[in-house]
Amino acid sequence: MSDYIVEMKHITKRFPGIVANDDVSLGIKKGEIFALLGENGAGKSTLMSILSGMYEPDEGEIYIRGEKVQIKSPNHAANLNIGMVHQHFKLVDDYTITENIILGMEPISKFAGLFPYVNIRNANRTIEELSKSFGLEVDPKKKIADLTVSMQQRVEILKVLYREAEILIFDEPTAVLTPQEIDFLLGIIEGLRNSGKTIILITHKLEEIKKVADRCAVLNKGKLVDVLDVKTTSINLMAQLMVGREVSFESEKAPAQFKEEVLKVEHLTVKNEDGFEVVQDVSFTIHGGEIFAIAGVADNGQVEIADAIAGLTKASGGKIFLNGKDITHDSIRNRTETGISYIPEDRQRYGLFLDFDLSTNLGAKQYYKEPFSNKGILKSLEFEQFGSRLIDKYDIRSGQGIHTQVRSMSGGNQQKAIIAREIELQSPLMIFVQPTRGVDIGAIENIHNMIIQQRDQGKAILLVSLELDEIMNVADTIGVIYNGRLQKVASSESLTTNEVGEYMMGARHE
Ligand SMILES: Nc1ncnc2c1ncn2[C@@H]1O[C@H](COP(=O)(O)OP(=O)(O)OP(=O)(O)O)[C@@H](O)[C@H]1O
Ligand SMILES: [Mg+2]
(Lines give C-alpha, C1' and ligand atoms only; values in the text may rest on other atoms or scores of the structure.)
(Ligands and ions follow the chains in the order given, each with its own letter.)
Protein backbone atom coordinates (compact mmCIF):
# COMPACT_ATOMS: atom_id res chain seq x y z
CA MET A 1 0.00 0.00 0.00
CA SER A 2 1.20 3.49 -0.73
CA ASP A 3 1.35 6.26 1.85
CA TYR A 4 -1.27 8.19 0.03
CA ILE A 5 -5.04 8.11 0.31
CA VAL A 6 -5.32 10.10 -2.94
CA GLU A 7 -2.89 9.92 -5.83
CA MET A 8 -3.36 11.83 -9.05
CA LYS A 9 -0.82 10.85 -11.71
CA HIS A 10 -0.07 12.82 -14.87
CA ILE A 11 -3.48 14.48 -14.95
CA THR A 12 -4.14 16.59 -18.04
CA LYS A 13 -7.38 18.40 -18.78
CA ARG A 14 -7.89 20.58 -21.83
CA PHE A 15 -10.60 23.09 -22.56
CA PRO A 16 -10.94 24.95 -25.86
CA GLY A 17 -7.85 27.09 -26.17
CA ILE A 18 -6.27 26.15 -22.84
CA VAL A 19 -4.64 23.33 -20.93
CA ALA A 20 -6.26 23.75 -17.51
CA ASN A 21 -4.22 20.93 -15.92
CA ASP A 22 -0.96 19.97 -17.54
CA ASP A 23 0.57 16.66 -16.43
CA VAL A 24 -0.13 17.21 -12.72
CA SER A 25 0.96 14.51 -10.25
CA LEU A 26 0.07 14.79 -6.56
CA GLY A 27 -0.12 12.52 -3.55
CA ILE A 28 -2.23 13.39 -0.51
CA LYS A 29 -1.73 11.66 2.82
CA LYS A 30 -4.54 10.42 5.01
CA GLY A 31 -5.31 12.83 7.82
CA GLU A 32 -3.52 15.89 6.46
CA ILE A 33 -4.73 19.32 5.44
CA PHE A 34 -3.40 19.79 1.95
CA ALA A 35 -3.66 23.29 0.48
CA LEU A 36 -3.80 24.22 -3.20
CA LEU A 37 -2.42 27.59 -4.15
CA GLY A 38 -2.19 29.32 -7.51
CA GLU A 39 -3.09 32.39 -9.51
CA ASN A 40 -6.58 32.92 -10.88
CA GLY A 41 -7.04 30.44 -13.69
CA ALA A 42 -4.12 28.22 -12.60
CA GLY A 43 -6.38 25.16 -12.65
CA LYS A 44 -7.19 24.55 -8.97
CA SER A 45 -10.96 24.18 -9.28
CA THR A 46 -10.58 22.07 -12.41
CA LEU A 47 -8.21 19.62 -10.70
CA MET A 48 -10.56 19.22 -7.76
CA SER A 49 -13.61 18.93 -10.01
CA ILE A 50 -11.86 15.96 -11.58
CA LEU A 51 -11.31 14.36 -8.18
CA SER A 52 -14.93 14.94 -7.23
CA GLY A 53 -16.32 13.43 -10.42
CA MET A 54 -17.54 16.58 -12.18
CA TYR A 55 -15.06 16.29 -15.06
CA GLU A 56 -13.11 13.38 -16.44
CA PRO A 57 -9.44 14.01 -17.21
CA ASP A 58 -8.18 13.71 -20.81
CA GLU A 59 -5.09 11.90 -19.57
CA GLY A 60 -3.79 10.52 -16.31
CA GLU A 61 -4.78 8.17 -13.54
CA ILE A 62 -6.32 8.43 -10.10
CA TYR A 63 -5.73 6.07 -7.21
CA ILE A 64 -7.87 6.14 -4.07
CA ARG A 65 -6.53 4.13 -1.11
CA GLY A 66 -4.09 2.54 -3.52
CA GLU A 67 -6.73 1.39 -5.95
CA LYS A 68 -7.02 2.70 -9.47
CA VAL A 69 -10.40 4.32 -10.14
CA GLN A 70 -12.20 6.19 -12.89
CA ILE A 71 -14.45 8.66 -11.16
CA LYS A 72 -17.47 8.99 -13.40
CA SER A 73 -19.81 11.24 -11.43
CA PRO A 74 -20.20 13.10 -8.13
CA ASN A 75 -22.23 10.13 -6.89
CA HIS A 76 -19.40 7.82 -7.73
CA ALA A 77 -17.02 10.14 -5.86
CA ALA A 78 -19.38 10.03 -2.86
CA ASN A 79 -19.24 6.23 -2.92
CA LEU A 80 -15.47 6.56 -2.72
CA ASN A 81 -16.02 8.86 0.32
CA ILE A 82 -14.97 11.99 -1.56
CA GLY A 83 -17.05 15.15 -1.15
CA MET A 84 -16.59 18.71 -2.38
CA VAL A 85 -17.89 21.94 -0.89
CA HIS A 86 -18.18 24.22 -3.90
CA GLN A 87 -17.54 27.92 -3.98
CA HIS A 88 -20.90 28.64 -5.54
CA PHE A 89 -23.35 26.68 -3.44
CA LYS A 90 -25.73 24.24 -5.06
CA LEU A 91 -28.66 24.22 -2.62
CA VAL A 92 -32.39 24.33 -3.31
CA ASP A 93 -33.74 27.59 -1.83
CA ASP A 94 -37.28 26.37 -1.15
CA TYR A 95 -36.23 23.19 0.63
CA THR A 96 -35.40 22.87 4.30
CA ILE A 97 -31.92 22.10 5.53
CA THR A 98 -32.83 18.45 6.08
CA GLU A 99 -34.44 18.10 2.66
CA ASN A 100 -31.33 19.51 1.01
CA ILE A 101 -28.99 17.27 2.91
CA ILE A 102 -30.84 14.02 2.30
CA LEU A 103 -31.69 14.83 -1.34
CA GLY A 104 -31.06 11.71 -3.41
CA MET A 105 -30.45 9.57 -0.29
CA GLU A 106 -33.80 9.83 1.48
CA PRO A 107 -34.18 7.41 4.38
CA ILE A 108 -37.26 5.29 3.64
CA SER A 109 -39.58 3.87 6.30
CA LYS A 110 -42.59 1.69 5.72
CA PHE A 111 -46.01 2.63 7.05
CA ALA A 112 -47.72 -0.40 8.59
CA GLY A 113 -44.81 -2.38 7.26
CA LEU A 114 -46.12 -1.86 3.71
CA PHE A 115 -46.21 1.66 2.31
CA PRO A 116 -42.84 3.35 1.79
CA TYR A 117 -42.46 6.99 2.79
CA VAL A 118 -39.65 9.40 3.60
CA ASN A 119 -39.36 9.68 7.34
CA ILE A 120 -38.60 13.39 7.77
CA ARG A 121 -38.93 13.27 11.56
CA ASN A 122 -36.15 10.72 11.78
CA ALA A 123 -34.10 12.59 9.21
CA ASN A 124 -34.41 15.85 11.16
CA ARG A 125 -33.16 14.08 14.24
CA THR A 126 -30.23 12.50 12.39
CA ILE A 127 -29.20 15.86 10.91
CA GLU A 128 -29.43 17.53 14.28
CA GLU A 129 -27.19 14.89 15.83
CA LEU A 130 -24.75 15.05 12.95
CA SER A 131 -24.57 18.82 13.14
CA LYS A 132 -23.94 18.76 16.90
CA SER A 133 -21.24 16.15 16.68
CA PHE A 134 -19.21 18.29 14.28
CA GLY A 135 -19.91 21.62 16.00
CA LEU A 136 -21.93 22.84 13.02
CA GLU A 137 -25.24 23.57 14.76
CA VAL A 138 -28.18 24.27 12.44
CA ASP A 139 -31.94 24.18 12.76
CA PRO A 140 -32.81 21.34 10.32
CA LYS A 141 -36.34 22.63 9.69
CA LYS A 142 -35.27 26.05 8.39
CA LYS A 143 -35.46 26.86 4.68
CA ILE A 144 -32.27 27.61 2.76
CA ALA A 145 -33.70 30.93 1.55
CA ASP A 146 -33.77 32.16 5.16
CA LEU A 147 -30.12 31.37 5.90
CA THR A 148 -27.02 33.56 5.82
CA VAL A 149 -24.19 32.62 3.50
CA SER A 150 -22.16 31.09 6.30
CA MET A 151 -25.13 28.96 7.42
CA GLN A 152 -25.62 27.78 3.83
CA GLN A 153 -22.01 26.76 3.82
CA ARG A 154 -22.58 24.73 6.99
CA VAL A 155 -25.36 22.91 5.16
CA GLU A 156 -23.02 22.13 2.26
CA ILE A 157 -20.47 20.73 4.69
CA LEU A 158 -23.13 18.66 6.49
CA LYS A 159 -24.33 17.33 3.17
CA VAL A 160 -20.87 16.01 2.44
CA LEU A 161 -20.51 14.56 5.95
CA TYR A 162 -23.95 12.91 5.72
CA ARG A 163 -22.61 11.04 2.69
CA GLU A 164 -19.78 9.81 4.91
CA ALA A 165 -17.00 11.69 3.17
CA GLU A 166 -13.50 10.88 4.38
CA ILE A 167 -11.81 13.13 1.83
CA LEU A 168 -13.26 16.64 1.93
CA ILE A 169 -12.48 19.27 -0.69
CA PHE A 170 -13.13 22.94 0.08
CA ASP A 171 -13.00 25.37 -2.87
CA GLU A 172 -12.29 28.86 -1.52
CA PRO A 173 -14.58 28.39 1.48
CA THR A 174 -13.46 31.57 3.22
CA ALA A 175 -13.90 33.97 0.29
CA VAL A 176 -17.52 34.59 1.25
CA LEU A 177 -17.06 34.72 5.03
CA THR A 178 -16.40 37.48 7.55
CA PRO A 179 -13.18 37.34 9.60
CA GLN A 180 -15.04 35.89 12.62
CA GLU A 181 -16.70 33.23 10.48
CA ILE A 182 -13.34 32.38 8.92
CA ASP A 183 -11.81 31.64 12.33
CA PHE A 184 -14.76 29.43 13.13
CA LEU A 185 -14.54 27.51 9.86
CA LEU A 186 -10.79 26.98 10.14
CA GLY A 187 -11.46 25.53 13.61
CA ILE A 188 -14.01 23.14 12.12
CA ILE A 189 -11.58 22.11 9.40
CA GLU A 190 -8.88 21.38 11.97
CA GLY A 191 -11.40 19.38 14.00
CA LEU A 192 -12.26 17.29 10.94
CA ARG A 193 -8.58 16.61 10.37
CA ASN A 194 -8.11 15.64 14.01
CA SER A 195 -10.96 13.16 13.70
CA GLY A 196 -9.02 11.45 10.91
CA LYS A 197 -10.47 13.05 7.78
CA THR A 198 -8.35 14.20 4.89
CA ILE A 199 -8.83 17.80 3.78
CA ILE A 200 -7.97 19.58 0.55
CA LEU A 201 -8.25 23.34 0.89
CA ILE A 202 -8.18 25.82 -1.99
CA THR A 203 -7.57 29.38 -0.84
CA HIS A 204 -5.92 32.62 -1.92
CA LYS A 205 -5.20 33.62 1.66
CA LEU A 206 -1.69 32.65 2.62
CA GLU A 207 -2.26 33.27 6.35
CA GLU A 208 -4.96 30.60 6.29
CA ILE A 209 -2.58 28.11 4.74
CA LYS A 210 0.06 29.01 7.29
CA LYS A 211 -2.45 28.59 10.09
CA VAL A 212 -3.97 25.19 9.32
CA ALA A 213 -2.33 23.40 6.40
CA ASP A 214 0.34 20.71 6.64
CA ARG A 215 1.48 20.81 3.02
CA CYS A 216 0.75 23.06 0.09
CA ALA A 217 0.92 22.51 -3.66
CA VAL A 218 1.51 25.46 -5.97
CA LEU A 219 0.00 25.45 -9.45
CA ASN A 220 0.96 27.86 -12.20
CA LYS A 221 -0.79 27.99 -15.58
CA GLY A 222 -1.95 24.40 -15.21
CA LYS A 223 1.40 22.96 -14.13
CA LEU A 224 2.51 21.82 -10.69
CA VAL A 225 5.34 24.08 -9.54
CA ASP A 226 6.15 22.63 -6.15
CA VAL A 227 4.80 20.91 -3.05
CA LEU A 228 5.87 22.66 0.15
CA ASP A 229 6.02 21.80 3.80
CA VAL A 230 4.02 24.68 5.26
CA LYS A 231 5.80 24.91 8.63
CA THR A 232 9.17 25.54 7.06
CA THR A 233 8.01 27.87 4.26
CA SER A 234 7.50 31.60 4.70
CA ILE A 235 4.46 33.43 3.38
CA ASN A 236 6.72 35.52 1.18
CA LEU A 237 8.21 32.46 -0.47
CA MET A 238 4.76 30.99 -1.10
CA ALA A 239 3.70 34.25 -2.70
CA GLN A 240 6.78 34.37 -4.86
CA LEU A 241 6.44 30.79 -6.08
CA MET A 242 2.83 31.39 -6.92
CA VAL A 243 3.12 34.64 -8.82
CA GLY A 244 6.62 34.13 -10.17
CA ARG A 245 7.83 37.46 -8.82
CA GLU A 246 8.07 39.29 -5.52
CA VAL A 247 4.76 40.59 -4.22
CA SER A 248 4.40 43.71 -2.16
CA PHE A 249 1.65 43.55 0.45
CA GLU A 250 1.61 47.31 0.91
CA SER A 251 0.69 49.78 -1.81
CA GLU A 252 2.81 52.80 -2.48
CA LYS A 253 0.89 55.99 -2.87
CA ALA A 254 1.50 59.68 -2.96
CA PRO A 255 -0.44 61.92 -0.56
CA ALA A 256 -3.98 62.56 -1.75
CA GLN A 257 -4.79 65.82 -3.54
CA PHE A 258 -8.46 66.51 -2.85
CA LYS A 259 -10.31 68.34 -5.62
CA GLU A 260 -13.93 69.53 -5.76
CA GLU A 261 -16.73 67.57 -4.13
CA VAL A 262 -18.08 64.75 -6.35
CA LEU A 263 -20.44 62.81 -4.09
CA LYS A 264 -22.52 64.20 -1.30
CA VAL A 265 -24.75 61.93 0.78
CA GLU A 266 -27.12 63.69 3.17
CA HIS A 267 -29.09 61.98 5.94
CA LEU A 268 -29.43 58.78 3.89
CA THR A 269 -31.80 56.17 5.25
CA VAL A 270 -32.47 52.78 3.66
CA LYS A 271 -35.07 50.24 4.73
CA ASN A 272 -34.92 46.50 4.05
CA GLU A 273 -37.89 44.36 2.94
CA ASP A 274 -39.14 44.10 6.50
CA GLY A 275 -39.20 47.89 6.88
CA PHE A 276 -36.23 47.83 9.21
CA GLU A 277 -33.79 50.75 8.84
CA VAL A 278 -30.49 49.14 7.83
CA VAL A 279 -28.94 52.53 7.01
CA GLN A 280 -29.75 55.36 9.41
CA ASP A 281 -29.12 59.02 8.79
CA VAL A 282 -25.77 58.60 7.07
CA SER A 283 -23.98 61.70 5.73
CA PHE A 284 -20.57 62.00 4.07
CA THR A 285 -18.85 63.53 1.06
CA ILE A 286 -16.18 62.30 -1.34
CA HIS A 287 -13.94 64.62 -3.35
CA GLY A 288 -12.22 63.99 -6.63
CA GLY A 289 -8.83 62.50 -5.80
CA GLU A 290 -10.09 60.87 -2.62
CA ILE A 291 -10.53 57.20 -1.67
CA PHE A 292 -13.27 57.01 0.93
CA ALA A 293 -13.58 53.56 2.49
CA ILE A 294 -16.43 52.25 4.60
CA ALA A 295 -15.12 49.84 7.22
CA GLY A 296 -17.42 47.56 9.15
CA VAL A 297 -18.35 44.06 10.14
CA ALA A 298 -20.51 42.36 7.47
CA ASP A 299 -24.20 43.28 7.30
CA ASN A 300 -23.99 46.60 9.09
CA GLY A 301 -25.46 48.56 6.18
CA GLN A 302 -22.37 49.25 4.10
CA VAL A 303 -23.55 47.35 1.02
CA GLU A 304 -26.94 49.06 1.21
CA ILE A 305 -25.23 52.47 1.14
CA ALA A 306 -23.36 51.51 -2.03
CA ASP A 307 -26.53 50.05 -3.58
CA ALA A 308 -28.52 53.18 -2.78
CA ILE A 309 -25.93 55.42 -4.43
CA ALA A 310 -25.79 53.22 -7.53
CA GLY A 311 -29.60 53.02 -7.67
CA LEU A 312 -30.04 49.30 -6.99
CA THR A 313 -31.88 50.06 -3.75
CA LYS A 314 -34.25 52.93 -3.02
CA ALA A 315 -33.40 55.50 -0.41
CA SER A 316 -36.26 55.84 2.04
CA GLY A 317 -34.95 59.17 3.30
CA GLY A 318 -32.22 61.70 2.61
CA LYS A 319 -30.54 62.90 -0.56
CA ILE A 320 -27.70 61.91 -2.86
CA PHE A 321 -25.88 64.48 -5.00
CA LEU A 322 -23.44 63.72 -7.79
CA ASN A 323 -21.43 66.72 -9.00
CA GLY A 324 -24.05 68.93 -7.40
CA LYS A 325 -27.01 67.26 -9.15
CA ASP A 326 -29.68 65.54 -7.07
CA ILE A 327 -29.76 61.91 -8.28
CA THR A 328 -31.75 60.44 -5.37
CA HIS A 329 -34.57 59.35 -7.67
CA ASP A 330 -32.70 58.72 -10.93
CA SER A 331 -32.73 55.37 -12.73
CA ILE A 332 -29.65 53.15 -12.70
CA ARG A 333 -28.99 53.91 -16.37
CA ASN A 334 -29.17 57.65 -15.70
CA ARG A 335 -26.73 57.35 -12.87
CA THR A 336 -24.30 55.39 -15.03
CA GLU A 337 -24.56 58.14 -17.63
CA THR A 338 -24.15 60.92 -15.07
CA GLY A 339 -21.03 59.19 -13.94
CA ILE A 340 -21.10 56.18 -11.62
CA SER A 341 -19.11 52.98 -12.09
CA TYR A 342 -20.15 50.12 -9.87
CA ILE A 343 -18.37 46.90 -8.96
CA PRO A 344 -21.01 44.90 -7.05
CA GLU A 345 -20.48 42.34 -4.33
CA ASP A 346 -22.17 39.44 -6.08
CA ARG A 347 -20.49 39.29 -9.47
CA GLN A 348 -22.37 36.22 -10.70
CA ARG A 349 -25.76 37.71 -9.96
CA TYR A 350 -25.37 41.39 -10.85
CA GLY A 351 -22.06 41.93 -12.56
CA LEU A 352 -21.95 39.70 -15.61
CA PHE A 353 -23.93 38.16 -18.43
CA LEU A 354 -22.57 34.66 -17.87
CA ASP A 355 -23.81 33.18 -21.14
CA PHE A 356 -22.29 35.92 -23.31
CA ASP A 357 -18.71 36.17 -24.40
CA LEU A 358 -16.01 38.24 -22.80
CA SER A 359 -15.91 41.11 -25.31
CA THR A 360 -19.69 41.60 -25.02
CA ASN A 361 -19.36 41.74 -21.25
CA LEU A 362 -16.47 44.19 -21.38
CA GLY A 363 -18.38 46.54 -23.66
CA ALA A 364 -21.78 45.95 -22.07
CA LYS A 365 -22.13 49.42 -20.59
CA GLN A 366 -21.01 51.34 -23.63
CA TYR A 367 -22.57 49.47 -26.58
CA TYR A 368 -25.03 52.23 -27.45
CA LYS A 369 -22.38 54.91 -27.67
CA GLU A 370 -19.74 55.96 -30.18
CA PRO A 371 -17.47 54.30 -31.25
CA PHE A 372 -19.27 51.03 -30.46
CA SER A 373 -22.37 51.92 -32.39
CA ASN A 374 -23.28 54.43 -35.00
CA LYS A 375 -26.92 55.40 -35.64
CA GLY A 376 -28.04 52.25 -33.85
CA ILE A 377 -25.71 49.89 -35.71
CA LEU A 378 -23.27 47.90 -33.59
CA LYS A 379 -19.70 47.82 -34.77
CA SER A 380 -18.36 44.44 -33.79
CA LEU A 381 -14.78 45.23 -34.76
CA GLU A 382 -14.73 48.10 -32.25
CA PHE A 383 -16.06 45.77 -29.58
CA GLU A 384 -13.41 43.19 -30.29
CA GLN A 385 -10.54 45.65 -30.33
CA PHE A 386 -11.75 47.20 -27.11
CA GLY A 387 -12.06 43.72 -25.54
CA SER A 388 -8.57 42.67 -26.61
CA ARG A 389 -7.08 45.85 -25.24
CA LEU A 390 -8.72 45.33 -21.82
CA ILE A 391 -7.68 41.67 -21.67
CA ASP A 392 -4.04 42.77 -22.04
CA LYS A 393 -4.23 45.77 -19.78
CA TYR A 394 -5.99 43.97 -16.91
CA ASP A 395 -4.37 40.55 -17.43
CA ILE A 396 -7.70 38.71 -17.79
CA ARG A 397 -6.90 35.05 -18.41
CA SER A 398 -9.16 32.60 -20.21
CA GLY A 399 -9.16 29.96 -22.92
CA GLN A 400 -10.38 31.85 -25.95
CA GLY A 401 -9.74 35.52 -25.34
CA ILE A 402 -12.60 37.81 -26.35
CA HIS A 403 -14.67 34.82 -27.51
CA THR A 404 -14.61 33.01 -24.16
CA GLN A 405 -18.00 32.42 -22.62
CA VAL A 406 -17.81 34.17 -19.27
CA ARG A 407 -19.43 31.29 -17.38
CA SER A 408 -16.43 29.08 -18.16
CA MET A 409 -13.91 31.57 -16.77
CA SER A 410 -12.28 31.07 -13.39
CA GLY A 411 -13.80 33.01 -10.50
CA GLY A 412 -10.97 35.48 -10.12
CA ASN A 413 -10.83 36.26 -13.82
CA GLN A 414 -14.55 37.03 -13.86
CA GLN A 415 -13.86 39.56 -11.13
CA LYS A 416 -11.02 41.12 -13.12
CA ALA A 417 -13.36 41.47 -16.11
CA ILE A 418 -15.89 43.50 -14.10
CA ILE A 419 -13.19 45.73 -12.71
CA ALA A 420 -11.81 46.37 -16.18
CA ARG A 421 -15.22 47.23 -17.62
CA GLU A 422 -16.13 49.60 -14.81
CA ILE A 423 -12.81 51.42 -14.61
CA GLU A 424 -12.87 51.95 -18.38
CA LEU A 425 -16.14 53.86 -18.06
CA GLN A 426 -13.94 56.60 -16.59
CA SER A 427 -16.75 57.74 -14.32
CA PRO A 428 -16.16 60.59 -11.89
CA LEU A 429 -17.42 58.30 -9.08
CA MET A 430 -16.28 54.69 -8.83
CA ILE A 431 -17.83 52.36 -6.28
CA PHE A 432 -15.91 49.20 -5.42
CA VAL A 433 -17.63 46.66 -3.19
CA GLN A 434 -15.25 43.87 -2.08
CA PRO A 435 -13.17 44.31 -5.24
CA THR A 436 -10.55 41.72 -4.37
CA ARG A 437 -12.77 38.90 -3.16
CA GLY A 438 -11.56 35.61 -4.70
CA VAL A 439 -8.66 37.32 -6.46
CA ASP A 440 -5.08 36.06 -6.18
CA ILE A 441 -2.44 38.09 -4.31
CA GLY A 442 -0.63 39.25 -7.43
CA ALA A 443 -3.89 40.49 -8.91
CA ILE A 444 -4.86 42.14 -5.60
CA GLU A 445 -1.70 44.21 -5.79
CA ASN A 446 -2.61 45.26 -9.34
CA ILE A 447 -6.19 46.14 -8.41
CA HIS A 448 -5.04 48.28 -5.49
CA ASN A 449 -2.61 50.09 -7.74
CA MET A 450 -5.36 50.68 -10.29
CA ILE A 451 -7.69 52.13 -7.67
CA ILE A 452 -4.94 54.48 -6.52
CA GLN A 453 -4.18 55.42 -10.11
CA GLN A 454 -7.83 56.38 -10.67
CA ARG A 455 -7.70 58.52 -7.55
CA ASP A 456 -4.59 60.25 -8.84
CA GLN A 457 -6.45 61.03 -12.04
CA GLY A 458 -9.01 62.89 -9.97
CA LYS A 459 -11.75 60.29 -9.60
CA ALA A 460 -13.77 59.99 -6.41
CA ILE A 461 -13.63 56.44 -5.06
CA LEU A 462 -15.98 54.71 -2.63
CA LEU A 463 -14.52 51.46 -1.34
CA VAL A 464 -16.55 48.99 0.70
CA SER A 465 -14.52 46.16 2.15
CA LEU A 466 -14.63 43.69 5.03
CA GLU A 467 -10.84 43.42 4.93
CA LEU A 468 -9.44 45.92 7.36
CA ASP A 469 -5.95 45.46 5.89
CA GLU A 470 -7.22 46.47 2.49
CA ILE A 471 -8.86 49.58 3.91
CA MET A 472 -5.83 50.65 5.92
CA ASN A 473 -3.70 50.06 2.85
CA VAL A 474 -5.56 52.12 0.25
CA ALA A 475 -8.03 54.51 1.92
CA ASP A 476 -7.47 58.26 2.36
CA THR A 477 -10.57 58.68 4.49
CA ILE A 478 -12.30 56.02 6.57
CA GLY A 479 -15.91 55.96 7.66
CA VAL A 480 -16.64 53.23 10.18
CA ILE A 481 -20.16 51.84 10.18
CA TYR A 482 -21.93 49.97 12.95
CA ASN A 483 -25.61 49.04 13.02
CA GLY A 484 -26.37 51.23 10.01
CA ARG A 485 -24.79 54.37 11.47
CA LEU A 486 -21.47 55.99 10.71
CA GLN A 487 -19.61 55.95 14.01
CA LYS A 488 -16.55 57.85 12.92
CA VAL A 489 -15.22 59.61 9.83
CA ALA A 490 -11.53 60.55 9.80
CA SER A 491 -8.41 60.53 7.67
CA SER A 492 -6.74 57.14 7.52
CA GLU A 493 -3.49 58.52 8.96
CA SER A 494 -5.27 59.65 12.09
CA LEU A 495 -6.63 56.17 12.87
CA THR A 496 -4.92 52.97 13.95
CA THR A 497 -6.13 49.54 12.91
CA ASN A 498 -7.12 48.87 16.51
CA GLU A 499 -9.20 52.02 16.76
CA VAL A 500 -11.06 51.21 13.55
CA GLY A 501 -11.67 47.71 14.92
CA GLU A 502 -13.18 49.13 18.10
CA TYR A 503 -15.54 51.42 16.20
CA MET A 504 -16.51 48.47 13.98
CA MET A 505 -17.53 46.44 17.02
CA GLY A 506 -19.54 49.29 18.47
CA ALA A 507 -17.15 49.43 21.43
CA ARG A 508 -16.37 53.09 20.76
CA HIS A 509 -18.46 56.08 19.66
CA GLU A 510 -17.85 59.65 18.67
N1 LIG B 1 -16.01 24.39 -18.22
C2 LIG B 1 -14.99 25.09 -18.77
N3 LIG B 1 -14.97 25.38 -20.09
C4 LIG B 1 -13.94 26.06 -20.63
N5 LIG B 1 -12.87 26.51 -19.94
C6 LIG B 1 -12.83 26.24 -18.62
C7 LIG B 1 -13.88 25.53 -17.96
N8 LIG B 1 -13.58 25.42 -16.65
C9 LIG B 1 -12.40 26.05 -16.50
N10 LIG B 1 -11.94 26.53 -17.68
C11 LIG B 1 -10.67 27.25 -17.91
O12 LIG B 1 -9.63 26.52 -17.29
C13 LIG B 1 -8.71 27.38 -16.63
C14 LIG B 1 -8.57 26.98 -15.18
O15 LIG B 1 -9.74 27.34 -14.49
P16 LIG B 1 -9.98 27.02 -12.95
O17 LIG B 1 -11.39 27.40 -12.67
O18 LIG B 1 -9.57 25.64 -12.66
O19 LIG B 1 -8.97 28.06 -12.27
P20 LIG B 1 -8.72 28.36 -10.71
O21 LIG B 1 -7.29 28.02 -10.43
O22 LIG B 1 -9.74 27.67 -9.90
O23 LIG B 1 -8.86 29.94 -10.66
P24 LIG B 1 -9.59 30.93 -9.57
O25 LIG B 1 -8.59 31.16 -8.48
O26 LIG B 1 -9.83 32.19 -10.31
O27 LIG B 1 -10.85 30.26 -9.10
C28 LIG B 1 -9.23 28.79 -16.81
O29 LIG B 1 -8.50 29.40 -17.84
C30 LIG B 1 -10.68 28.62 -17.23
O31 LIG B 1 -11.03 29.64 -18.13
MG1 LIG C 1 -11.41 28.34 -8.76
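Worth a mention:
- Virtual paramagnetic centre 7 Å along Cα→Cβ of residue 469, amide N under 17 Å, in the range 482-510: 497-498, 501
- Among the trypsin sites (Lys or Arg not before Pro) in the range 56-110, those located in a DSSP loop and surrounded by at most 16 other Cβ atoms within 10 Å of their own Cβ are 65, 72, 90.
- Pairs of alpha carbons in the chain whose separation is greater than 29 Å (percent): 56
- Among beta bridges from DSSP that stay inside the range 261-504, the antiparallel ones total about 55%.
- Residue range of the chain that is longest and free of chymotrypsin sites (Phe, Trp or Tyr not before Pro) which are both DSSP loop and sparsely packed (at most 12 other C-beta within 10 Å): 1-275
- When each of 13/68; 110/142; 29/141; 90/141; 110/132; 143/221 is checked by Cα-Cα distance, pairs over 30 Å: 29/141; 143/221
- Rounded tilt (10° steps) of 179-194 against the dominant C-alpha axis of the chain: 10
- Sequence-separation-based contact order of the chain, relative, with Cα cut under 8 Å and 6+ spacing, percent: 16
- Once you divide the Cα radius of gyration of the range 83-177 by 2.2 N^0.38 Å, the number left is 1.11.
- Cα pair distances in the range 330-487, grouped into 5 Å bins until the bin that holds the longest one, percent each: 2, 8, 18, 21, 21, 16, 9, 4, 2, 1, 0
- The share of alpha-carbon pairs in the range 21-63 lying farther apart than 11 Å comes to 71%.
- The residues of the chain expose, per residue, 46 Å² of accessible area to a 1.4 Å probe.
- For the chain, the longest principal axis of the alpha carbon atoms and the long axis of helix 441-456 meet at an angle near 10°.
- Ratio Rg/Rh, restricted to the range 161-307 and using Cα atoms, in which Rh is the Kirkwood radius: 1.10
- In this structure the amide hydrogen of residue 485, modeled in the peptide plane, comes within under 5 Å of the amide hydrogens of 280, none closer than 5 places in sequence on its chain.
- Phi to ³J(HN,Hα) by Karplus 6.51 cos²θ - 1.76 cosθ + 1.60 over the range 488-495, Hz, x for Gly, Pro: 6, 10, 7, 5, 5, 5, 7, 10
- Within the range 219-254, the trypsin sites (Lys or Arg not before Pro) that combine a DSSP coil assignment with at most 15 other C-beta atoms in a 10 angstrom radius are 245.
- Of the GluC sites (Glu not before Pro) in the range 267-345, the ones in a loop by DSSP (not H, G, I, E or B) with at most 13 other beta carbons within 10 Å are 273.
- Here's the picture: a label point sits 7 Å out from the Cα of residue 273 along the beta-carbon direction, and within the range 96-111 the residues with their amide nitrogen under 18 Å of it are 96-97.
- The separation of the range 222-248 from the range 439-510, counted between C-alpha centres, amounts to 28 Å.
- Listed values for the range 392-402 are Karplus-derived 3J(HN,Hα) couplings in whole Hz (6.51 cos²θ - 1.76 cosθ + 1.60, θ = phi - 60°), namely 5, 4, 9, 6, 8, 9, 6, x, 10, x, 4, and x replaces Gly and Pro.
- Note, ³J(HN,Hα) from phi for the range 94-108, Karplus 6.51, -1.76, 1.60, rounded to Hz, x at Gly and Pro: 7, 8, 6, 4, 4, 4, 5, 5, 8, 3, x, 9, 4, x, 9
- Taking amide H positions as modeled 1.01 Å from N, with prolines and chain starts lacking one, the residues under 5 Å from residue 15 and 5 or more places away or on another chain are 20.
- Helical content of the chain, expressed as a calculated mean residue ellipticity at 222 nm, amounts to -9500 deg cm²/dmol (DSSP H runs of 4 or more residues, -39,500 (n - 2.57) each, divided by residue number, nearest 500).
- Residues of the range 143-168 with amide N under 16 Å of a point placed 7 Å along Cα→Cβ from residue 134: 150-168
The values are calculated or read from the model by the stated rules, or taken from the named source; none is laboratory data. Keep in mind that what you see is a predicted model, and the values were worked out from it rather than measured. Don't worry about glycine lacking a Cβ; one is built from the backbone with ideal geometry, like all the others, and counts go over all protein chains shown. Keep in mind that these areas ignore ligands, DNA and RNA; they rest on the heavy atoms of the full protein, side chains included. Shrake-Rupley method; radii C 1.70, N 1.55, O 1.52, S 1.80 Å.
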